[in-house]
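Following: one structure in structure tokens, then a few remarks.
Each value in this text was obtained by applying a stated rule to the coordinates, not by laboratory testing. All of these numbers come straight from a predicted model, not from anything done at the bench. Here the Cβ positions follow ideal geometry from the backbone for every residue, glycine too, while neighbour counts run over all protein chains shown.
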Amino acid sequence: MSHRLKILHIISSWESRVGNELAEFVVRLPSEEFESEICVLAGSKNGSVPDVPTTTLDLRWSFDVSTYLGVRRILRRFRPDVVHTWDDAAQFYGAIHYGSQRVFAEKRDTGVPIGWLQQHVNRKTDRLIVPRKNSALPVAQTVVISPAAVPLPYCEPMPAEELLAKLDFPLVEPSGDYYPVFQPQYDSVRRNYKPIPPRQTPVIIGVVLPLGLEHQILDALWVCETLNHVHLNFHAFFIGDGKDRELFLRSRDRWKLFSRVHFLGNRHDVGRLLPNFDVLLHLSSSAEHSGTILSAMSCGVPVIALETPESQEYILDGTTGILIPSEGDFRFYRRTTAKKLLHLLENVELYQSMKIAAKDRIVKQFNFETAVCQRIHIYREWR
């Protein structure tokens, strides 16, 4: 029997954005060809991959001597052929032990300026796996693997009323008739701006982001306030936690959205909640959390996202989702977001076609199985 290639996977924590991707990737590696072990630098010890040995260390700050020694002990015991790091913190701890083993590093955010320390770490790395071409990185070391939607457990979407009951949120009757914004378009001469009865089934809007001002959570709340103003029957779920949670709770209550907007905190069942959303609202410019867009599209959930290099790569505007121009001040893209969201909800044919097109684009362009095969090919090159 030929020697199995030993691979040590290092990740900063299971709670990071790539935790699910690592778990799904490891279980797909052929066991007769590869032997895997996982090192988690910090975080909960609850996360694990079946039948894969996992060691959790106690990282407390950027450079932690105890964590450095912990990684060294694992390297001496396991003696891997390849060290595969899945984020920047993991790359640092994997590269400073550079020796006989090969070091592969996943680089998620290629738009961040590269400092002298990162340049040194990159020189100690054999392969830099990036989602798109980057002229700032050495061409000889760089391998481009397109981002992929991590497979989610199949979950049959449930009616909105059932979902609200499961999460223990009461149904709320709209405070008045709904005033359509686009269908029909208001004509000031004919004065055809007539209210219609509100939707009986609530619209479920999802926001999956850390609760920080830098992720434009206040803008998403403002959009919800606009929807409430036109008496749209909706509920918005904000999944995530962060330093500005209390600020957003006060803003929600000041705008009297407490019965419509729900902060669910960090949850381990995001994959089961995503298919139940009617729309995903993603107004963050951070590349770090753009993978949520792919996950939502893979479930057939239309995405309204701020225009960034990542979202432009994933979304064909008006076909597989909607992009909000990032130029102008916050008032401009707040209004634009509200208008495009209402236009999507009022145009049933566009909404249904967008659901189908989004899912089809993920299958063809951002397939997880394809990304797995590409990484396995890199491993085999170094056998």
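From the mean inverse distance of alpha carbon pairs (Kirkwood) and the Cα radius of gyration, derive Rg over Rh for segment 160-365. It would help to have the intermediate numbers written out before the result.
Working: Rg = 16.4 Å, Rh = 17.4 Å.
A ratio of 0.94.
Taking the Cβ-Cβ separation of GLU246 and GLN200 as r and a Förster radius of 41 Å, what is the calculated FRET efficiency to the nearest 0.05?
Details: r = 34 Å, r/R0 = 0.84.
Between GLU246 and GLN200 the formula returns 0.75.
Once the Cβ-Cβ distance between ARG335 and GLU15 is put in as r, and R0 is 35 Å, what FRET efficiency do you end up with, to the nearest 0.05?
On the way: r = 35 Å, r/R0 = 0.99.
In this case the efficiency is close to 0.50.
For a quick check: with amide H placed at 1.01 Å from N, whose amide H comes under 5 Å from THR142's, ignoring anything fewer than 5 positions away on the same chain?
Distant-sequence amide H within range of THR142: LEU128.
Spin-label point model (7 Å from Cα, Cβ direction): what's the ARG28 to ARG267 distance in nm?
Taking the simple label geometry, ARG28 and ARG267 are separated by 2.5 nm.
With θ set to phi - 60°, apply the Karplus curve 6.51 cos²θ - 1.76 cosθ + 1.60 along segment 14-21 and write out the HN-Hα couplings as whole Hz, x wherever there is a Gly or Pro.
So the Karplus estimates, Gly and Pro as x, are 5, 7, 5, 5, 9, x, 5, 5 Hz.
Can you say what percent of the DSSP beta bridges in the chain, counting only those with both residues inside, are antiparallel? Round to 5. Provide the component values of the computation, followed by the final result.
Numbers: 3 of 46 bridges.
Among the beta bridges of the chain, antiparallel pairing accounts for roughly 5 percent.
Short version: ³J(HN,Hα) in whole Hz for each residue of segment 94-108, in order, from phi by Karplus 6.51 cos²θ - 1.76 cosθ + 1.60 (θ = phi - 60°), x for Gly and Pro, what are they?
x, 6, 6, 9, 3, x, 6, 6, 7, 10, 10, 10, 7, 10, 7
Mind jotting down the distance between the C-alpha centroids of segment 214-278 and segment 62-100, whole Å?
Between the Cα centres of segment 62-100 and segment 214-278 lies a distance of 39 Å.
Amide H to amide H under 5 Å from PHE234: which residues, 5+ apart in sequence or cross-chain, H placed 1.01 Å off N in plane?
Those lying under 5 Å, H to H, from PHE234 are VAL203.
Once Rh is set to the Kirkwood radius over Cα pairs, what Stokes-Einstein translational diffusion coefficient, in µm²/s, holds for segment 213-283 at a temperature of 20 °C and a viscosity of 1.002 mPa s?
Working: Rh = 12.8 Å.
Diffusion coefficient, whole number: 168 µm²/s.
Under the definition of Cα pairs under 8 Å and six or more residues apart, what whole-number percent is the relative contact order of segment 284-383? Let's see the in-between values first.
Numbers: 96 pairs, mean separation 29.5, N = 100.
About 30 percent, as a whole number.
State, to one decimal in nm, how far the label point of LEU218 lies from the label point of GLU327, with both points 7 Å from Cα in the Cβ direction.
Modelled inter-label distance: 2.5 nm.
For segment 160-365, what proportion of DSSP beta bridges, expressed in % and rounded to the nearest 5, is antiparallel? Please list the in-between numbers first.
Working: 2 of 21 bridges.
Roughly 10 percent of the beta bridges in segment 160-365 run antiparallel, per DSSP.
So for the chain, averaging the separation of alpha carbon pairs under 8 Å that are six or more residues apart and normalising by length, what relative contact order in percent results?
Dividing the mean separation by the residue count of the chain yields 13 percent.
In terms of Cα to Cα distance under 16 Å, which aspartates and glutamates are near enough to LYS124, apart from those fewer than 8 places away along the same chain?
Reachable aspartates and glutamates: ASP81, ASP87, ASP88, GLU106.
If the chain between ARG4 and ALA136 were fully stretched, how many nm would it gain, using 0.36 nm times the residue separation less the Cα-Cα distance?
Numbers: separation 132, 0.36 × 132 = 47.52 nm, distance 3.47 nm.
Gain on stretching ARG4 to ALA136: 44.0 nm.
Which of the lysines could a cross-linker bridge to LYS243, judged by Cα under 26 Å and excluding same-chain residues fewer than eight apart?
Partners found: LYS45, LYS107, LYS256.
Going by amide H atoms built from the backbone, whose H comes under 5 Å of the H on ILE10, apart from near neighbours?
It is CYS39, HIS84, THR85, TRP86, by chain and number.
Give the average over all directions of the projected area of the C-alpha convex hull of segment 286-383, one decimal, in nm².
Values: hull surface 28.7 nm².
One quarter of the hull surface, i.e. the mean projection, equals 7.2 nm².
Using a Förster radius of 25 Å, what is the FRET efficiency between ASP177 and ASP317 based on their Cβ-Cβ separation? Nearest 0.05, please.
Numbers: r = 32 Å, r/R0 = 1.26.
In this case the efficiency is close to 0.20.
Using the Karplus equation 6.51 cos²θ - 1.76 cosθ + 1.60 (θ = phi - 60°), what ³J(HN,Hα) coupling, rounded to whole Hz, does each residue of segment 153-161 give in order, writing x for Gly and Pro?
x, 5, 9, 5, x, 9, x, 4, 5
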